[in-house]
Amino acid sequence: MEKPVIELHGLKKYFSISKGLFGFGAQQVRAVDGVDLVISKGEIVGLVGESGSGKTTLARLILNLTKPTESFIRINGTDISHAPRRELKKLRGEVAVVFQDPGGNLNPRLTVGRSIMRPMRIRGVSRKDAYEKALKALEIVKMDPMYMDTFPAQLSGGQQQRIAIARALVLDPQVMILDEPTSALDISVQAQVLNLLLDLQEQMQLTYLIITHDLNVINYVCDRVFVMYLGKIVEYGTSAEVLRAPAHPYTRGLMAASPNLNPRSREKNAERLSGDPGSLIKLSPGCRFAPRCHLATDICRREDPQMREVSSGHCAACHFAESGVTTKEMSLSL
Amino acid sequence: MEELLRLDHLSVEYQVKDGYLSAVRDVSLTLNRGEVLAIVGESGCGKSTVAHAIMRLLPMHNERITGGVFFKGEDLTKYTEKQMVKVRGKKIGMIFQNPLDSLNPVYHAGSQVEEAILLDGKAKRQAYDETLQLFSEVRMPDPEKQMQRFPHELSGGMRQRVMIAMMLSRNPELLIADEPTTALDVTIEAQIMDILMRLKQEHNTAVLLITHNFGIVSETADRIAVMYAGQLVEQGTVYEIFDAPTHPYTRLLLRALPRHPKTDGRLQTIDGAVPRLTDVKNGCRFANRCPLAKDICFSYDPPANSLGGTHIFSCHFREEALAWKNL
């Protein structure tokens with residue numbers, strides 16, 4: 001096994017929303033509540049879940065944009081959550097990020113060239129070197145150098161996303177966090193961006209953490225997948241395994257809801273999830289998915305299920321994961 | 001099957017600084033009662049413009065519509081604005097992508113639906129009862145309580161349910177759903193689509209679904225019309241389009257869908273970019289990206305080729321497209 005690039009155990013992030021009188025009755029949002037995640041070098045890992053499941057908070061924690069309430073994150077063996085300021089600056093360069101809405105994350109007043117050069121300039125790279133490198137980055141994302149002097153508003157969504165990727169690459173990161181990288185894009189553009197990301201990963205041995213709700217994208221690009229529900233990881237394994245034989249009822253529900261790209265299998269996945277994901281504030285004891293789960297029994301409402309191994313490297317946090325009740329073969333879009 | 005809506009060589013042009021910009025060009029389609037027709041295409045292909053042209057909801061100052069929009073045999077383009085008011089909502093209902101924009105923020109969700117019912121001259125008490133009934137029909141949890149809530153207090157899925165309830169309250173014969181689930185989670189999207197499909201079955205409503213999401217299309221549509229840069233490139237049943245796409249664009253687009261793991265090869269991409277609508281005049285608009293294109297494609301609009309039944313595609317090179325398909 002390769003040495004882990006990202007490593008975190010029992011990670012928690014709580015947000016306080018009301019202090020209450022003298023601190024009594026304080027309420028907390030448990031956005032990330034005891035997450036374990038180990039990602040090796042060169043892996044492409046997907047993180048799926050509905051909105052409000054804590055995916056983005058987890059990404060922000062890994063990017064060190066917010067501090068964990070409990071535990072810490074190791075990037076290449078270094079604890080970034082408690083690193084001194086000076087070291088942080090260096091560490092920040094190792095984890096890059098690409099967001100969902102490329103238009104909103106490029107400064108509209110800076111030319112493309114200046115946007116790409118900015119992270120390098122902040123780190124004291126000379127203007128000339130930064131320019132050279134920016135040109136190279138544009139070439140890597142397959143864009144013409146003439147775009148150096150254009151403004152983001154003059155570009156299409158796909159081009160803007162390429163610029164965002166180029167900007168993320170200039171500090172030679174080891175890890176890229178991709179938060180819904182293609183959900184704002186058209187199908188043909190999505191295909192271009194996904195292929196570009198795969199090519200870059202192969203050429204540079206990058207490690208990706210892709211946050212998405214699109215299981216078809218996970219199926220195409222990811223080696224492994226983690227499923228998150230209300231702040232906890234409920235299932236993980238290789239994407240082939242998880243998408244073929246999901247062991248957690250939530251994963252099964254997500255797959256049933258996920259649009260199937262073959263009209264001939266319309267009626268096949270009928271196990272729909274009902275209701276909304278619950279609130280992260282008033283969490284009931286026991287399994288968080290129990291209120292929506294059709295398999296739930298008394299034990300689910302009483303005890304929080306532990307992660308258990310279904311098959312090698314494939315784990316699910318469900319009281320019934322091993323019993324085989326949940327593992328009926330499903331197929332996604334094939 | 002009874003024909004409900006027919007678009008007859010519909011074109012929409014916008015007047016711009018120097019001349020006209022052709023947003024939709026020569027689109028002909030029919031939609032039968034109880035059928036789901038999906039218009040799919042990428043952004044800027046004109047699918048929403050078609051929907052808005054049917055409802056006559058275009059900006060009304062610089063556009064030029066030619067061709068006909070026949071609803072139950074009557075041409076809506078000839079209707080006066082006063083006549084159109086009676087069509088909108090009552091005969092053709094519409095739901096939009098972002099329900100928050102369509103709901104009034106200062107009225108309770110319930111009273112906005114009641115208002116729609118009151119338009120039909122019903123009593124207040126009856127409107128309330130009907131609204132409650134509709135809220136449970138769209139599977140609103142705790143309907144009586146949700147009626148007293150403001151739109152901002154509802155989740156995205158619930159807001160879209162309010163829109164569907166409002167649309168249903170007038171019991172239209174045709175429903176136009178313009179990207180109804182784009183802003184929603186997949187689980188909520190599935191719930192909303194289930195509701196729409198159930199209502200379609202119960203009321204025999206025809207649905208014109210405007211979307212870019214092939215997943216939704218493959219799960220719900222009976223027929224598909226594929227648009228590209230304002231032109232209709234191919235139409236057919238969902239099986240004809242998914243099993244035997246023939247127009248080069250449809251073929252390439254379907255191969256760009258992520259349907260297999262990366263180990264089975266990379267996704268198809270389409271080289272080039274969509275032409276700017278100000279630059280195009282005549283000819284096939286896909287020509288600059290099409291592997292089969294010849295000179296004629298750039299100067300003359302392609303003819304519609306029938307492949308039997310409802311499967312039609314627009315291309316100058318019928319035989320070549322069919323042969324290329326089998327490569």
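The values are calculated or read from the model by the stated rules, or taken from the named source; none is laboratory data. Fair warning: this is a prediction, and the values are worked out from it, not measured in the lab. Reconstructed Cβ throughout: ideal geometry from the backbone, glycine too, with neighbour counts over all protein chains shown.
Among the residues making up region A:135-164, a single one is crowded, with 20+ Cβ neighbours inside 10 Å and among the basic types (Lys, Arg): A:Arg162. Taking the criterion of being within 13 Å of chain A (Cβ to nearest Cβ), over 26 Å from A:Tyr229 (Cβ atoms) and in contact (Cβ under 8 Å) with a residue 60 or more places away in the chain, the only residue of region B:180-201 that qualifies is B:Met197.
Per-residue answers, yes or no, for (1) farther than 19 Å from A:Asn195 by Cβ; (2) within 12 Å of chain A (Cβ to nearest Cβ); (3) touching a helix residue (DSSP H, G or I) at 6+ places or on another chain (Cβ under 7 Å); (4) of a type outside the set (Ser, Thr, Tyr):
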{"residue": "B:Tyr249", "(1), (2), (3), (4)": "no, yes, no, no"}
{"residue": "B:Leu253", "(1), (2), (3), (4)": "no, yes, yes, yes"}
{"residue": "B:Gly272", "(1), (2), (3), (4)": "no, yes, yes, yes"}
{"residue": "B:Thr278", "(1), (2), (3), (4)": "yes, no, no, no"}
{"residue": "B:Asn282", "(1), (2), (3), (4)": "yes, no, yes, yes"}
{"residue": "B:Cys297", "(1), (2), (3), (4)": "yes, no, yes, yes"}
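Residue pairs whose Cβ atoms lie under 7 Å apart, separated by 6 or more positions or on different chains, with the first residue in region A:177-195 and within 7 Å of chain B (Cβ to nearest Cβ) and within 12 Å of B:Ser43 (Cα to Cα) and the second among the aliphatic types (A, V, I, L, M) and crowded, with 24+ Cβ neighbours inside 10 Å, are A:Ile187/B:Leu253; A:Ser188/B:Leu253. Under the condition of being over 30 Å from B:His203 (Cβ atoms) and in a helix (DSSP H, G or I), the residues counted in region B:14-73 number 0.
Taking the criterion of being more than 25 Å from B:Ser218 (Cβ to Cβ) and either over 16 Å from the mean Cα position of the chain (by Cα) or of a type in the set (Val, Ile, Thr) (or both), would at least one residue in region B:47-59 satisfy it? Yes, the conditions are met somewhere in region B:47-59. Of the set (1) crowded, with 23+ Cβ neighbours inside 10 Å; (2) more than 9 Å from chain B (Cβ to nearest Cβ); (3) outside any loop (DSSP other than H, G, I, E, B), all apply to A:Gln203 but (1).
Residues that are in contact (Cβ under 8 Å) with a residue 40 or more places away in the chain and touching a His at 6+ places or on another chain (Cβ under 7 Å) occur in region B:96-109; there is at least one. Residue under question is B:Leu257, and the condition is that it be of a type in the set (A, V, I, L, M, F, W, C), assigned to a helix (DSSP H, G or I) and within 9 Å of chain A (Cβ to nearest Cβ); does it hold? In short, no.
B:Val238 satisfies every condition listed in (1) farther than 19 Å from A:Thr182 by Cβ; (2) in contact with a Ser or Thr (Cβ under 7 Å, 6 or more places away or on another chain); (3) more than 7 Å from chain A (Cβ to nearest Cβ); (4) of a type outside the set (Asp, Glu) except (3).
Which helices (runs of 4 or more DSSP H) does region A:208-285 wholly contain that include 3 or more residues that are within 10 Å of chain B (Cβ to nearest Cβ), crowded, with 20+ Cβ neighbours inside 10 Å and of a type in the set (A, V, I, L, M, F, W, C)?
Values: elements: A:215-221, A:239-244, A:249-257.
It comes to A:215-221, A:249-257.
Restricting region B:267-304 to residues that are exposed (fewer than 12 other Cβ atoms within 10 Å of the Cβ) and acidic (Asp, Glu), the residue that is farthest from the chain's Cα centre (by Cα) is B:Asp295. Restricting attention to region A:286-315, the residues that are surrounded by 14 or more Cβ atoms within 10 Å (Cβ to Cβ) and either within 14 Å of another protein chain (Cβ to nearest Cβ) or among the acidic types (Asp, Glu) (or both) total 5.
Looking only at region B:203-224, decide whether some residue is at pLDDT below 95, more than 8 Å from every other protein chain (Cβ to nearest Cβ), over 15 Å from the mean Cα position of the chain (by Cα) and surrounded by fewer than 24 Cβ atoms within 10 Å (Cβ to Cβ). The answer is yes; a qualifying residue exists.
Output the helices (runs of 4 or more DSSP H) that fall wholly within region B:79-163 and possess 1 or more residues being loosely packed, with under 14 Cβ neighbours inside 10 Å and either among the hydroxyl-bearing types (Ser, Thr, Tyr) or out of contact with any Phe, Trp or Tyr (no Cβ under 8 Å at 6 or more places or on another chain) (or both), or say none.
On the way: elements: B:81-87, B:99-102, B:109-118, B:124-137, B:143-147.
Passing ranges, in order: B:81-87, B:99-102, B:124-137, B:143-147.
Of the helices (runs of 4 or more DSSP H) contained entirely in region A:14-105, those carrying at least 3 residues that are surrounded by 15 or more Cβ atoms within 10 Å (Cβ to Cβ) and modelled with pLDDT of 90 or more fall at A:55-62. Checking each residue of region B:212-221 against the condition of being of a type outside the set (Asp, Glu), assigned to a loop (DSSP other than H, G, I, E, B), out of contact with any Cys (no Cβ under 8 Å at 6 or more places or on another chain) and free of Cβ contacts under 8 Å to residues at least 12 places away in the same chain gives no match.
If the condition is being of a type in the set (S, T, N, Q) and more than 14 Å from chain A (Cβ to nearest Cβ), then region B:137-167 contributes only B:Gln148. For region B:166-173, the count of residues that are in a helix (DSSP H, G or I) and among the hydroxyl-bearing types (Ser, Thr, Tyr) is nonzero.
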